[in-house]
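Notes follow once the structure below has been shown.
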């Protein structure tokens, strides 16, 4: 594998592979803006370089010549960030690198996978499971009654979205219907303005881990 010490070497490699920055970012499971930010860093992040090599420097011998392999599908990128299914998790606005990839037939169109923590979506989604998601680009296109991972400026949440009384809002429900001793629900539904949703992911499936 090649040794990469600066962004220009990365760009030259992509040029040889006839890949645009947008295509490269998609293969690496990150945004174009995030990739450009990494290419401008001096020195390059070792984590980023390793990820780039794993994505674009696989090689095979074909007719005694070395040729790069770039599979169209290398798995769903797993982001090592917490989704709160209970309490509120602060949103960290630093660039998020892919921690790994999950290769499952039938989920090729998923854009991201996230670990879930908390119990508000139990028993549908248990704490410790991994959800596989498809990013929804148009926030106005919401299938009510489905489970989504939402990102606001302050939170990441796994919730079921239903209609709110105010058309400018959506209501977020928890599947856990546990009650407190005072008779109130432990996880009350609440409304948030649509405009506060920065990113929206539809949950397409999950991986449940048994006890170790």
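Every number in this text was worked out from the coordinates using simple rules, so none of it is lab data. Everything numeric in this text was worked out from a predicted model, so none of it was measured. Glycine also receives a Cβ, built like all others from the backbone with ideal geometry; neighbour counts cover every protein chain displayed.
Results, tabulated for the structure shown:
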{"quantity": "Nearest-0.05 FRET efficiency for residue 144 and residue 186, computed from C-beta distance (R0 41 Å)", "calculated": "0.95"}
{"quantity": "Relative contact order for the stretch 76-207, counting Cα pairs under 8 Å that sit 6 or more residues apart, in percent", "calculated": "27 percent"}
{"quantity": "The stretch 76-207: C-alpha gyration tensor shape, a/c 1.5 cut-off, then a/b vs b/c", "calculated": "prolate"}
{"quantity": "Ranked list, fewest to most other Cβ atoms within 10 Å of each Cβ, for 180, 156, 13, 50", "calculated": "180, 50, 13, 156"}
